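Structure, as structure tokens:
No value in this document is a laboratory result; all are computed from the given coordinates. What you see is a predicted model, and the numbers here were worked out from it, not measured in a lab. FYI the Cβ positions are ideal-geometry reconstructions off the backbone, even for glycines, and counts take in every protein chain you see.
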Ligand SMILES: [Zn+2]
């Protein structure tokens with residue numbers, strides 16, 4: 001669980017990134033966002049636990065196993081981008097960025113903590129499912145007392161579990 005202050009900070013940061021990149025459509029074009037940030041993605045056959053983000057000096061390369069489902073791909077790339085900014089300092093902390101060579105996004109990495117995971121997901125949530133849009137789309141997809149989360153997840157192009165995780169703090173689920 002993250003402290004409220006940290007959550008709000010990440011929320012604000014994700015909003016800033018969203019506005020700076022100017023990509024307004026949904027599902028959020030995360031591949032385009034990574035492109036605009038000069039990042040690259042290398043797809044590998046490795047298991048997902050071997051995801052690694054490499055500092056290439058000027059930019060970064062995400063080494064990611066091929067994920068079959070688009071919604072998971074989008075969601076996980078958002079998460080990875082969270083690590084790039086929050087835990088590698090890309091464009092946010094030049095000194096830290098110059099020191100860190102790579103970030104292994106795996107449960108077997110000792111430096112990799114639950115806090116990092118929660119922070120990266122918090123970032124992904126606010127980049128891919130901004131609260132204002134999420135409220136609007138949930139309202140539109142409400143049958144009686146229930147929200148149709150499957151429809152909402154199709155709109156945002158992320159897994160249903162991600163929509164539920166974003167909707168809960170807003171009191172929508
Ligand atoms: Zn992670």
Q. If each of residue 15 and residue 99 carries a label point 7 Å out from its Cα toward its Cβ, how far apart are those two points in nm?
A. 3.0
Q | Rounded tilt (10° steps) of 114-128 against the dominant C-alpha axis of the chain | A | 60
Q | Kirkwood Rh, angstrom, the chain [1 / mean 1/r, Cα pairs] | A | 16.6
Q: Express in whole angstrom the spacing between the alpha-carbon centres of the range 95-169 and the range 59-92.
A: 12
**Q.** Fully extended contour minus Cα-Cα distance, from residue 131 to residue 72, at 0.36 nm per residue
**A.** 19.3 nm
Q | Inter-probe distance in nm under a simple model that places probes 7 Å from Cα toward Cβ, at residue 26 and residue 161 | A | 2.2
Q) For the pair residue 2 and residue 50, how long in nm is the line joining their label points, each one 7 Å along Cα→Cβ? A) 2.9
Q: Calculate, in nm to one decimal, what residue 139 and residue 170 gain on full extension: separation in residues at 0.36 nm each, minus their alpha carbon distance.
A: 9.9 nm
